Amino acid sequence: MMARPAYRRVLMKISGEALMGDRDYGLDPVMVDQVANEIKTVHDMGGEVCVVIGGGNIFRGVSSAAAGMERANADYMGMLATVINCLSMQAALERIEVPTRVQSAIQIEAVCEPYIRRRAIRHMERGRVVIFGAGTGNPFFTTDTAAALRAAEMGCDALLKATKVDGVYSADPEKEPTAERYEKLGYLEVLSRDLKVMDASAISLCRENRIPILVFSIHNKGAFKEVVGGNGRYTIITDR
């Protein structure tokens, strides 16, 4: 008998950089397929899944703004980059027979649906994975904030932040081997310690809507299913 998920409806937030694999930019098909298979395991055990993907593997708006491009224009280019990543993930999921829809916050009707909250909820109720592209549809907001916003709008039980490490640390564990790993944190602790888990707007949105944030490593095979099931290795951010 298949285990029931501890969190019935979840949003996975994954950065565009995570999809690069060992490349310097762009998409690594092996990594995209690996993430798709992680999503499939949760879908197969009855979980309702939606996804927000960043676009930093293709274009980073903040970096381009710092280099002299107008910030709003750079952010719109970043939104288009996220849609490319979303379409790639949709293709990977559909290859393994997971029904998927992409919804974009900016209208690109030739390639995906516009973002409509009630339609997205209906898709998940019918067993489809929904991938949200183009962030919030507005410049000056990150895909972290978009993930928190969509998690609140979808009524998600948790937001799962897929990273390269297995939780939240006091510093980058790859640079500082003695960095402390946290099992549990409060929203305000993350903000006051400036732990860089997600931006302040995203943390605040999750706090206001009482959505726990679970930070785990996407590189550990089966980790997404374990965390959704309430097991595995992760850091949970919630009210203390």
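For the chain, the direction-averaged projected area of the alpha-carbon convex hull comes to 12.9 nm². Panel order for ILE106, ILE203, ILE14, by other beta carbons found within 10 Å of each beta carbon, from fewest to most: ILE106, ILE203, ILE14. Hydrophobic, long helices, defined as DSSP H runs whose alpha-carbon span along the helix axis is 20 Å or greater and whose mean Kyte-Doolittle value is at least -1.0, occur in the chain at 29-44, 71-95.
When HIS123, HIS219 are arranged by Cβ crowding within 10 Å, least crowded first, meaning fewest neighbours, the order is HIS219, HIS123.
Tell me, GLU70, GLU226 in order of fewest to most beta-carbon neighbours within 10 Å?
GLU70, GLU226
Under 19 Å of direct C-alpha separation, and excluding same-chain neighbours fewer than eight residues apart, LYS164 reaches these lysines: LYS13, LYS175, LYS184, LYS196, LYS221, LYS225. Charge tally for VAL130 (other residues, Cβ to Cβ under 10 Å; Lys, Arg +1; Asp, Glu -1): +3. Taking a straight line from the alpha carbon of LYS161, these aspartates and glutamates sit under 14 Å away, with near neighbours fewer than eight places off in the same chain left out: GLU17, GLU38, ASP144, ASP199, GLU226. Under Stokes-Einstein, with the Kirkwood radius over Cα pairs as Rh, the value for the stretch 1-138 at 20 °C and 1.002 mPa s is 139 µm²/s. Relative to its Kirkwood radius, the Cα radius of gyration of the stretch 1-63 gives an Rg/Rh of 1.08.
Every number here is computed from the coordinates shown, using simple stated rules; none is lab data. Model, not experiment: these values are computed from the prediction. Because the Cβ atoms are built from the backbone with ideal geometry, glycine has one as well, and the counts that use them run over all protein chains shown.
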